[in-house]
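So the structure is just underneath, and the comments pick up after that.
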Amino acid sequence: MLGDSTAFGDGPFLFGPPQVITMPTPHSPTAVAVGDVDGDGDVDVVVPGRNSEGFAYLMLNDDGVLGTPIELVTGGQTDWVEIVDLDGDGHLDLCFAVRALRGRLSILHGNGDGTFGEFEEIALGREPRAVVVDDLDGDGDPDIAAMNHRLPIIEILLNDGEGGFDPAAPLVISRSSVSIPFPQSIGTADFDADGDRDLVIVATGASRIFICRNRGDATFDPAEGWRPSRVNGQIGGMTDLAVGDLDQDGDEDVLVPLILIGESSHVGIFENQGSTASIEFDRDAAFPSTGLGYAYAAAMGDLDGDEDLDVIVGHALPGPVMVLDNRTEPISAGGDGVIRFEPPQQIANDSFFRGLAVADLDGDCDLDVLAVELVSNSLWVLPNLTPQASGCGDGFVGRVAAPVDSRVSSVSPGVDRAQVADLDGDGVVSGADIALFLTRMRSGETPRGEPVRGPIESRRR
């Protein structure tokens, strides 16, 4: 353990050489999730993806080293997975969003030893791309909110206490913004501090986040749309979100990647104003994430042990993973509470990092970074070697990744604008259209963006 830690937590971040695991079949990995599925005390990893045979992959953790990917049969191409005990038996289960014209959830009940039963399906709408599992009705068991990319509808499924689910009243978002808002990401938080869990949805086509305020019983107030901060007059395209208290004022903020045309990508912040009567955000804050690609995936975690949330951003075409050191001085500590970050620092680079997670994989009580890379069909594990203000970690045994100049004078070269049409139907080509284009890359979709029926989907019809 490190000695006096007063000088730690000031960066730069230090990461060791990555462990890169290539999936054994073409997989187009879409996300990464962590949980101790075999009950041995460390976190294991599940990677969903658009595998044409309907596989996802499980990698069991053995003293900080992930094992060979194990096939999980899910019944279709999957864009998201939640790892949670759905039926209250003490074992973690897997809840996949199956991306198809006839969308559905695929639930694999865990046996507690890293094995799972056969998948069970729950029907959903058109092309669910993400789900979130949380106690929405306040009865103590986990419910499900599922997001349909091809419909402006969020479906609510209430747990009966034994792992069965009953549909509740669905939510409609973006009634008048665009013809299809293309919901892409979803999360939960108690934004208004009233004791229940509200929903936040990124709608890529509408260039908005939508907040659905929970009334306490899994019914919700009408969705309220929020535009992100403008960057030099532009509204950025959004594909992902992360929720956390960035300014340490006791309420939950929302961070999104912002894809721009002719500017470097940024991260935008919806800073919660702490109202209990309503949900109010300050949207003035946006920070460059890189000049080397399009910001696609976002995550938060305290990477240096100084008790604030740092930001991790995965990019596309090209695809660096960038980290931003949080330097906010909270009001509770005598600061001004204004959110600030150090310039972005690169810790990895490939073509298209589509999903991120943070977890202590090696048991040294600091957070490592996990990132799935679409083009190379792989999972990257980036071990954190940053000296920790908390005294955690193994100390410096690697090399410093060079800080990256975030300035850029022209659009990133990865997407030919001639390929990007007005995909959201708002009459202009903007960052939102690039965001939609990126969500469809290498995904087996038709030119109109509909999911292609793979072998499993064809057999089911």
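The values are calculated or read from the model by the stated rules, or taken from the named source; none is laboratory data. The structure displayed is predicted, hence computed values, not measured ones. Because the Cβ atoms are built from the backbone with ideal geometry, glycine has one as well, and the counts that use them run over all protein chains shown. Heavy atoms of the whole protein, side chains included, go into the accessibility calculation; ligands, DNA and RNA do not. Shrake-Rupley method; radii C 1.70, N 1.55, O 1.52, S 1.80 Å.
Here are the numbers for the structure shown:
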{"quantity": "Per-region count, the stretch 74-111, residues of a type in the set (S, T, N, Q) and assigned to a strand (DSSP E or B)", "calculated": "2"}
{"quantity": "The stretch 183-211: number of residues that are farther than 21 Å from Gly140 by Cβ, in contact with a strand residue (DSSP E or B) (Cβ under 6 Å, 6 or more places away or on another chain) and not aromatic (Phe, Trp, Tyr)", "calculated": "12"}
{"quantity": "Failed item in (1) open to solvent by less than 10 Å² (accessible area, probe 1.4 Å); (2) out of contact with any Ser or Thr (no Cβ under 8 Å at 6 or more places or on another chain), with Thr78 passing the rest", "calculated": "(2)"}
{"quantity": "Some residue of the stretch 340-358 being of a type in the set (A, V, I, L, M, F, W, C), in contact with a His (Cβ under 7 Å, 6 or more places away or on another chain) and under 24 Å from Phe270 (Cα atoms)", "calculated": "yes"}
{"quantity": "Wholly enclosed strands (runs of 3 or more DSSP E) of the stretch 202-317 bearing at least 2 residues in contact with a helix residue (DSSP H, G or I) (Cβ under 8 Å, 6 or more places away or on another chain)", "calculated": "294-301"}
{"quantity": "Filtered residues of the stretch 112-130 (kept if part of a strand (DSSP E or B) and buried (at least 18 other Cβ atoms within 10 Å of the Cβ))", "calculated": "Phe116, Ile122, Pro128, Arg129, Ala130"}
{"quantity": "Filter result for the condition that a residue is more than 15 Å from Gly164 (Cα to Cα) and small (Gly, Ala, Ser), over Gly67, Gly88", "calculated": "Gly67"}
{"quantity": "The stretch 246-270, residues that are farther than 30 Å from Asp196 by Cα, of a type outside the set (Ser, Thr, Tyr) and either in contact (Cβ under 8 Å) with a residue 60 or more places away in the chain or surrounded by fewer than 24 Cβ atoms within 10 Å (Cβ to Cβ) (or both)", "calculated": "Ile259, Leu260, Ile261, Gly262, Glu263"}
{"quantity": "Residues within the stretch 171-194 that are touching a residue at least 40 places away in the same chain (Cβ under 8 Å), open to solvent by 20 Å² or more (accessible area, probe 1.4 Å) and assigned to a loop (DSSP other than H, G, I, E, B), tallied", "calculated": "7"}
{"quantity": "Qualifying residues in the stretch 362-383 (those that are open to solvent by less than 30 Å² (accessible area, probe 1.4 Å) and in contact with a Cys (Cβ under 9 Å, 6 or more places away or on another chain)) - the one nearest to Asp310 (Cα to Cα)", "calculated": "Asp366"}
{"quantity": "Residue under evaluation Ile21, criteria (1) part of a strand (DSSP E or B); (2) closer than 19 Å to Phe119 by Cα; (3) among the aliphatic types (A, V, I, L, M), criterion not met", "calculated": "(2)"}
{"quantity": "Residue under evaluation Gly236, criteria (1) open to solvent by 10 Å² or more (accessible area, probe 1.4 Å); (2) touching a residue at least 24 places away in the same chain (Cβ under 8 Å), criterion not met", "calculated": "(1)"}
{"quantity": "Members of the stretch 100-122 that are acidic (Asp, Glu) and in contact (Cβ under 8 Å) with a residue 40 or more places away in the chain", "calculated": "Asp113, Glu118, Glu121"}
{"quantity": "Residue count for the stretch 131-170, restricted to those that are at pLDDT below 95, part of a strand (DSSP E or B) and open to solvent by less than 40 Å² (accessible area, probe 1.4 Å)", "calculated": "2"}
